[in-house]
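**Student:** Quick one: the structure is below, questions incoming.
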Amino acid sequence: MNYWLVKTEPHVYSIDDLKHDKVTAWTGVRNYQARNFLTSMEVGDTVLIYHSNAKPPGIVGVGVVKAKAKPDETQFEKNGHYFDPKATPEKPRWFCPDIRFSEKFGRMISLDELREQQSLEELLLLKRGSRLSVTPVDQKHYNIIVKLANKKS
DNA sequence: GCCAACGTTGGC
DNA sequence: GCCAACGTTGGC
């Protein structure tokens, strides 16, 4: 069982939307490295949910992989924002797993707070220049983050 | 296969 | 809205 972190812009799709929907297809990722992580996700893997382009940005909760990645339908939607003219149903380029809501943290762990943790120095999210919207997370880092989430502020 | 131009991400 | 740090595209 593996741990991951996915970014989402809350004004587009927030943890509250996920809570409301219960399960969602994690569509719209258009970066090969991120795609490869998405297709590596196994049913039952744990996924930290991060709000990017938010004030402040930070980790807000947890989801679980409900189904392995399948072709992302939004790549075929001609007038959609995520349309990819080079993708065909026979040869899809982009894939998305289903992610189920698990929990929303009692408080957000902001990017600033994450950076303050010496123990999270190696978290890929915090690595300079890492703009990847899907990254793997070490179990030890996951444990630290959950502990932070449960700490009274 | 190089690389300049262009597009995107995402914190600030 | 700016811009650094990427990633992608396409001419050659």
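The values are calculated or read from the model by the stated rules, or taken from the named source; none is laboratory data. Please read these numbers as outputs of a predicted model, since none were measured by experiment. Heads up, the Cβs are rebuilt from the backbone with ideal geometry, glycines too, and the neighbour counts pull from every protein chain shown.
Residue-wise test of (1) among the acidic types (Asp, Glu); (2) part of a strand (DSSP E or B); (3) more than 16 Å from DNA strand C (Cβ to nearest atom).
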| site | (1), (2), (3) |
| --- | --- |
| A:Gln33 | no, no, no |
| A:Leu38 | no, no, no |
| A:Glu42 | yes, no, yes |
| A:Ala54 | no, no, no |
| A:Gly61 | no, yes, yes |
| A:Pro89 | no, no, yes |
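**Student:** OK, next. Could you list, in sequence order, the residues of the range A:97-139 that are touching a Pro at 6+ places or on another chain (Cβ under 8 Å) and either over 19 Å from A:Asn150 (Cβ atoms) or surrounded by fewer than 20 Cβ atoms within 10 Å (Cβ to Cβ) (or both)?
**Tutor:** As a first pass, look at the range A:97-139 and keep what is touching a Pro at 6+ places or on another chain (Cβ under 8 Å): A:108, A:110-112, A:124.
Selection gives A:Ser110, A:Leu111, A:Asp112, A:Leu124.
**Student:** Condition (residue is without any contact (Cβ under 8 Å) to a residue 24 or more places away in the chain and away from DNA strand B (no atom under 12 Å from the Cβ)) applied to the range A:17-24: is it met by at least one residue?
**Tutor:** We begin by selecting, within the range A:17-24, every residue without any contact (Cβ under 8 Å) to a residue 24 or more places away in the chain; these are A:17, A:20.
After this cut, where a residue has to be away from DNA strand B (no atom under 12 Å from the Cβ) as well, the list is A:17, A:20.
Within the range A:17-24 (the criterion being without any contact (Cβ under 8 Å) to a residue 24 or more places away in the chain and away from DNA strand B (no atom under 12 Å from the Cβ)), the answer is yes, since at least one residue qualifies.
**Student:** A follow-up question, please. Any idea which of (1) at pLDDT 95 or above; (2) within 16 Å of DNA strand B (Cβ to nearest atom); (3) over 14 Å from the mean Cα position of the chain (by Cα) is the one A:His81 doesn't satisfy?
**Tutor:** The single condition A:His81 does not satisfy is (1).
**Student:** How about the range A:1-31: which of its residues are more than 16 Å from DNA strand C (Cβ to nearest atom), part of a loop (DSSP other than H, G, I, E, B) and closer than 20 Å to A:Lys70 by Cβ?
**Tutor:** Passing the criteria: A:Asn2, A:Tyr13, A:Lys22, A:Trp26, A:Thr27.
Matching residues to (1) surrounded by 19 or more Cβ atoms within 10 Å (Cβ to Cβ); (2) at positive phi:
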site: A:Asn2; (1), (2): no, no
site: A:Lys7; (1), (2): yes, no
site: A:Lys19; (1), (2): no, no
site: A:Ala34; (1), (2): no, no
site: A:Phe37; (1), (2): yes, no
site: A:Gly44; (1), (2): no, yes
site: A:Asn53; (1), (2): no, yes
site: A:Val62; (1), (2): yes, no
site: A:Glu77; (1), (2): no, no
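**Student:** How many residues does the range A:79-96 hold that are exposed (fewer than 12 other Cβ atoms within 10 Å of the Cβ) and within 15 Å of A:Thr8 (Cβ to Cβ)?
**Tutor:** 1
**Student:** Next question. If a residue has to be away from DNA strand C (no atom under 16 Å from the Cβ) and under 24 Å from A:Gly28 (Cβ atoms) to count, how many in the range A:115-141 make the cut?
**Tutor:** Qualifying residue count, the range A:115-141: 1.
**Student:** Of the conditions (1) assigned to a loop (DSSP other than H, G, I, E, B); (2) basic (Lys, Arg); (3) over 17 Å from A:Tyr32 (Cβ atoms), A:Arg115 satisfies every one except a single condition; which number is it?
**Tutor:** Of (1) assigned to a loop (DSSP other than H, G, I, E, B); (2) basic (Lys, Arg); (3) over 17 Å from A:Tyr32 (Cβ atoms), only one is false for A:Arg115: (1).
**Student:** Going by the structure shown, is A:Asp72 closer than 19 Å to A:Ile15 by Cα, more than 12 Å from DNA strand B (Cβ to nearest atom), surrounded by 15 or more Cβ atoms within 10 Å (Cβ to Cβ) and at pLDDT 90 or above?
**Tutor:** Numbers: closer than 19 Å to A:Ile15 by Cα: no; more than 12 Å from DNA strand B (Cβ to nearest atom): yes; surrounded by 15 or more Cβ atoms within 10 Å (Cβ to Cβ): yes; at pLDDT 90 or above: yes.
No, not satisfied.
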